[in-house]
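To start, the structure under review is shown below, and the notes come after it.
The values are calculated or read from the model by the stated rules, or taken from the named source; none is laboratory data. This structure is a prediction, so every number in the text was calculated from the model and none was measured. Cβ: placed from backbone, ideal geometry, glycine included. Neighbour counts: every protein chain shown. Only protein heavy atoms, including side chains, enter the accessible area calculation; ligands, DNA and RNA are left aside. Shrake-Rupley method; radii C 1.70, N 1.55, O 1.52, S 1.80 Å.
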Amino acid sequence: QVQLVESGGGLVHAGGSLRLSCAASGFTYRIKRMGWYRQAPGKQREFVAGFASDSDTSTNYADSVKGRFTISRVNAKNTVYLQMDSLKPEDTAVYYCNAYSEFWGSPKDYWGQGTQVTVSS
């Protein structure tokens, strides 16, 4: 199994910044890629940012956060970060860390418990 623990959420004014962290533990060697998702009240969970693979530095971003959010990682620490700048009220959501793993050809998604980000106008 893989465990994910997020931290770094909070309340910030519009235009401010926050940095989220996600620490992975357990069978981390099974992780193929990691990323961040978010879910606002009354909406479906949506992709925010992610790496193409565990060994690739290529990143992908949702159009709504391009140029404002930056995903990064420290492999040695099995930790992924999401730097969020120029935050907007519409960024308010619960942010979830995701790890996609494969083991003997069986795919599995793991999720953290989520961390609340609230941006006031």
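Taking amide H atoms as placed 1.01 Å from N in the peptide plane, the amide H of residue 26 lies under 5 Å from those of 3, each 5 or more residues away in sequence or on another chain.
For the stretch 11-81, the solvent-accessible area of protein heavy atoms averages 58 Å² per residue (probe radius 1.4 Å; ligands and nucleic acids excluded). Two decimals, Cα atoms only, Kirkwood Rh: what is Rg/Rh over the stretch 14-121? A ratio of 0.97. Please give the FRET efficiency for residue 120 paired with residue 74, using the beta carbon to beta carbon distance and R0 = 41 Å, rounded to the nearest 0.05. Computed FRET efficiency for residue 120 and residue 74: 0.85. Within the full protein context, the accessible area of residue 109 is estimated at about 80 Å² for a probe radius of 1.4 Å. The reciprocal of the average 1/r between distinct C-alpha atoms defines the Kirkwood hydrodynamic radius, which for the stretch 24-67 equals 11.9 Å.
The relative contact order of the chain, computed from alpha carbon pairs under 8 Å that lie at least 6 residues apart in sequence, is 36 percent.
Averaging 1/r over each pair of different alpha-carbon atoms in the stretch 62-121 and inverting the result gives 13.6 Å, the Kirkwood hydrodynamic radius. For the chain, the fraction of 1.4 Å probe accessible surface lying on carbon and sulfur atoms is 49 percent.
Between the DSSP loop rule and a limit of at most 13 other Cβ atoms within 10 Å, which trypsin sites (Lys or Arg not before Pro) in the stretch 15-71 are left?
43, 66
Its Cα centre serving as origin, the chain has a Cβ charge dipole (Lys and Arg +1, Asp and Glu -1) of approximately 100 debye.
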